[in-house]
1. Hey, A:V113 hits all of (1) closer than 25 Å to B:T92 by Cα; (2) touching a Phe, Trp or Tyr at 6+ places or on another chain (Cβ under 7 Å) but one; which does it fall short on?
2. Does segment B:30-44 hold any residues that are away from ligand 1 (no atom under 16 Å from the Cβ), surrounded by 14 or more Cβ atoms within 10 Å (Cβ to Cβ) and assigned to a loop (DSSP other than H, G, I, E, B), and which are they?
3. Please list, ordered by residue number, the strands (runs of 3 or more DSSP E) wholly in segment A:1-82 having 3 or more residues that are within 28 Å of A:V240 (Cα to Cα).
4. Among the listed residues B:G18, B:G86, B:G31, identify the single one that is modelled with pLDDT of 95 or more, out of contact with any His (no Cβ under 6 Å at 6 or more places or on another chain) and more than 7 Å from chain A (Cβ to nearest Cβ).
5. In segment B:45-76, what residues are touching a strand residue (DSSP E or B) at 6+ places or on another chain (Cβ under 7 Å), away from ligand 1 (no atom under 15 Å from the Cβ) and of a type outside the set (S, T, N, Q)?
6. If I ask for residues that are part of a helix (DSSP H, G or I), of a type in the set (D, E) and under 25 Å from A:V240 (Cα atoms), which ones from segment A:166-221 would you list?
7. How many residues does segment B:35-53 contain that are over 19 Å from A:P180 (Cβ atoms) and not hydrophobic (A, V, I, L, M, F, W, C)?
8. Inspect segment A:290-297 for any residue being surrounded by fewer than 22 Cβ atoms within 10 Å (Cβ to Cβ), within 16 Å of ligand 1 (Cβ to nearest atom), modelled with pLDDT of 95 or more and not in a helix (DSSP H, G or I) and give the result as yes or no.
Amino acid sequence: MIKSNTTFPTKFDAIVVGAGPAGAASAYVLSKKGFKVLLVDRSREAGSKELYGGRIYLGPLKEVWPDLDKKAPIHRWIKKERASIMGKDGRIITIEYNAGRRTSFTAYLPELVRWMVSKAEEEGTIFVDEVVVDELLTSDGKVVGIRSGPDEIRSDVVIDAEGVNRLLLEKLGLVSGPRPEELALGIKEVLKVRKNEINAQFNVDDDEGVAWILMGDITLGIPGGGFIYTFNETISIGIVIHMANAIRAAEAGAINHSFELVENLRLHPYFNKLWKSSDVIEYGAHLTIEDGLSFMPKRLVYPGLLIVGDAAGLILNTGYTVRGVDFAVYSGKLAAEAVEKALSEKEGATEENLKVYEDMVRKSFMYNELKRHRASKELMKDPEFFTKISRIPLKFFSELYEIDKEVPTAYEAFKNACRSEDSGPLSLMFKLWGMVKKL
Amino acid sequence: MKRLRIEELLQRNVWDVGKKPHIEINMDACGSCESKLCVKLCPAGCYTVVDGKVLFSYEGCLECGTCRTVCPQGAVKWSYPRSGKGVYYRFT
Ligand SMILES: Cc1cc2nc3c(=O)[nH]c(=O)nc-3n(C[C@H](O)[C@H](O)[C@H](O)COP(=O)(O)OP(=O)(O)OC[C@H]3O[C@@H](n4cnc5c(N)ncnc54)[C@H](O)[C@@H]3O)c2cc1C
Ligand code: SF4
């Protein structure tokens, strides 16, 4: 709602659609540079439509808000990284890494986004919530503003930060409709657990947290995975399934209700002791992007328009690391800098002048990361790889540890593990190495 | 610990459900569908099968976009609730 005491300008330098991390960052940076910015979101309150996994990398965020690590609503700094490979029969391999320095933290995205938006407002951004933007207005092939219901508002430039469901870009014909190959479904539960219980169960201090990824049977073998993140007084658990493979699994009758997967995780005997006396206090779902580069629109700028964050496909999802929030913020910052350059030119926000944004993105660490991890994306979507990578090590350790009389040598155990997957140790080693290189 | 039904999970959330549905289903296209992927993949259980036909209720919708992505019939006319209605996330 627009507060009645604000004087509402009729024209803005920039309108930002969507107050997620990408939109909030671009509005903040632009306002700080002195531009008149309108930021709109469809939520009741900034952040209240946001849902993600739980861990954010600090580096890129600090370039926008240098005091974010001291001032923002951060829950815990990730101290322990855990990864589990899960088999069908209760066999599980878990590795743990105890981190040496603080590079990422957990935060509630609704809370953090609200903080980011308040920072933008402090710099002069006008933020209006409860606004569904129905359309980007165009005139002579140039985006000139937004329409929501009967209301039209104009600006020199529009920044599209609408996230993964790109209704506005689809309507303009700039991207095609959603493609299951490129998307994944995330489903999540938030469990209320006492702080000291979390600390004891996960062996961490008050401000230390755990980021835990799960692979294998937790998604019934559908490429994707599970996650567990610890917060001050809650634990987030969830699963992410690659949409195209989820469709195949549904068609084959392997999955009846997607929401059962996250309940399976909550009730799983290996994990449920960690949140014995917990209560589910929130449940939700959100789409995410499986393959950023192919989701990326052909161009990131059009006359009068820049595309940032998820909408631009700028998210890295390697299977063991998700970097969406920091990429979103960073792309918002680059877009704001490009707008400043473009608006200082005589012709304003022409495609020519906005093109610097595309160049900045291409030269940035984000684009580089997306390219570097491209091959692994293909691999993570392959159900066969997915099954193999979990079964062989599980078999190996079961051979090694579950003994009756004789202890096998490591080589014997390895040989048997390979045999169980119908390959010789050598050919398998080559295959696995080929796979690992791509990771 | 006991398994929660989808209704029980959705009840844990804060909601302000709008009076008008924000998603519309083209029943002609929907009726001829075999796979009924929406029923299996919607994380809120908004799609159910009654007498072989798919029924849709928008009330528990999490606004995720799965149904519009998976519907093989293109029968889902999808949009967002107006005026901040719908789900209100706090801890996600
Ligand atoms: C299950 C899951 C787990 C994830 N885990 C992590 C993680 O651990 N770490 C990480 O860094 N990233 C993670 N991500 C990715 C991360 O959430 C996104 O990359 C990030 O939120 C993208 O930011 P954004 O600002 O581009 O879009 P969003 O955060 O989606 O924000 C878009 C905003 O625009 C609004 N909007 C959309 N359309 C309109 C419209 N027409 N009118 C008005 N408002 C509109 C929406 O309400 C929303 O507030 C995860 C994602 C999912 C789904
Ligand atoms: S948007 Fe998501 S939660 Fe809503 S009906 Fe479609 S699949 Fe279900």
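The values are calculated or read from the model by the stated rules, or taken from the named source; none is laboratory data. All figures in this text were calculated on a predicted structure; none of them were measured in a lab. Here the Cβ is made from the backbone with ideal geometry for all residues, glycine too, and neighbour counts use every protein chain on show.
1. (2)
2. Matches in segment B:30-44: B:C33, B:S35, B:K36.
3. The strands (runs of 3 or more DSSP E) meeting that bar are A:55-57.
4. Answer to the check: B:G86.
5. Of everything in segment B:45-76, those that are touching a strand residue (DSSP E or B) at 6+ places or on another chain (Cβ under 7 Å), away from ligand 1 (no atom under 15 Å from the Cβ) and of a type outside the set (S, T, N, Q) turn out to be B:C46, B:Y47, B:V54, B:L55, B:F56, B:Y58, B:C67, B:A75, B:V76.
6. A:E170, A:E181, A:E182, A:D217
7. Of the residues in segment B:35-53, 5 are over 19 Å from A:P180 (Cβ atoms) and not hydrophobic (A, V, I, L, M, F, W, C).
8. Within segment A:290-297, one or more residues are surrounded by fewer than 22 Cβ atoms within 10 Å (Cβ to Cβ), within 16 Å of ligand 1 (Cβ to nearest atom), modelled with pLDDT of 95 or more and not in a helix (DSSP H, G or I).
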